[in-house]
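J.: Below you'll find the structure I mean.
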Amino acid sequence: MLKRKFFHMKKNKSKSIIDILSMLLVLAAIVSGFVLHKYVWHFHIYSNKLIWYVHEIIGLSLIALITIHCIQHSFWFRNFTKIPAKRRRVTTIFLVLGGIVGLTGVILMCGSRSETISHIHYIIGILFTFIAVGHVIKRWKIFRSLL
């Protein structure tokens, strides 16, 4: 029994670390994304490669952490059909938006200069931001207890 309890505590600690890192990376992605938007779309400056690289590294790291987060919550996904539609609707939208942002980001990283993909990435990224903030606010007591 003690071994099982220790494993459960260790698992919760890793979930907490992933959650906190994800929250920080979402914030960093938002800030770096808006900086890119300001300089690229308003001033047409493509030369600052450091901002691009930082945003790309943050984005790839965020994709990895969200994937790990979803794996950690595999129980939720296995019981998806048993969860009331009201509770799973927002999470499903959140995952779909995150997937679109990640996919369009990877396409842009691979060299696409498509304005359409860039606009989709930006607009869906803003929607993802609002839902991510709501996701964190809904769980704020849990995050606060971790800090």
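The values are calculated or read from the model by the stated rules, or taken from the named source; none is laboratory data. Remember, it's a predicted structure, so these values are computed and weren't measured experimentally. A quick note on method: Cβ atoms are made from the backbone with ideal geometry, for glycine too, and the neighbour counts reach across all protein chains shown.
J.: Answer with yes or no whether ARG144 is of a type in the set (D, E, K, R) and in a helix (DSSP H, G or I).
T.: Judged against the criteria, ARG144 is a match.
J.: Would you mention how many residues in the range 83-124 are among the small types (Gly, Ala, Ser), farther than 19 Å from CYS70 by Cα and in contact (Cβ under 8 Å) with a residue 24 or more places away in the chain?
T.: Selection size over the range 83-124: 1.
J.: Still on this structure, I have one more. Does SER61 satisfy the condition of being surrounded by 17 or more Cβ atoms within 10 Å (Cβ to Cβ) and at pLDDT 85 or above?
T.: The answer is no for SER61.
J.: Which residue, of ILE117, ILE124, is surrounded by 15 or more Cβ atoms within 10 Å (Cβ to Cβ), over 16 Å from the mean Cα position of the chain (by Cα), at pLDDT 85 or above and not charged (D, E, K, R)?
T.: ILE117
J.: Identify, please: which residue in the range 87-101 is of a type outside the set (A, V, I, L, M) and surrounded by fewer than 19 Cβ atoms within 10 Å (Cβ to Cβ) and is, among those, farthest from the chain's Cα centre (by Cα)?
T.: Here the answer is ARG87.
J.: Right, here's the next one. If we keep just the residues of the range 9-37 that are closer than 22 Å to HIS119 by Cβ and more than 17 Å from the chain's Cα centre (by Cα), which is modelled with the highest pLDDT?
T.: Step by step, filter the range 9-37, then rank; the result is VAL35.
J.: Among the residues of the range 118-128, is any touching a helix residue (DSSP H, G or I) at 6+ places or on another chain (Cβ under 8 Å), assigned to a helix (DSSP H, G or I) and of a type in the set (Ser, Thr, Tyr)?
T.: Checked against the condition, which is being touching a helix residue (DSSP H, G or I) at 6+ places or on another chain (Cβ under 8 Å), assigned to a helix (DSSP H, G or I) and of a type in the set (Ser, Thr, Tyr), the range 118-128 yields at least one hit.
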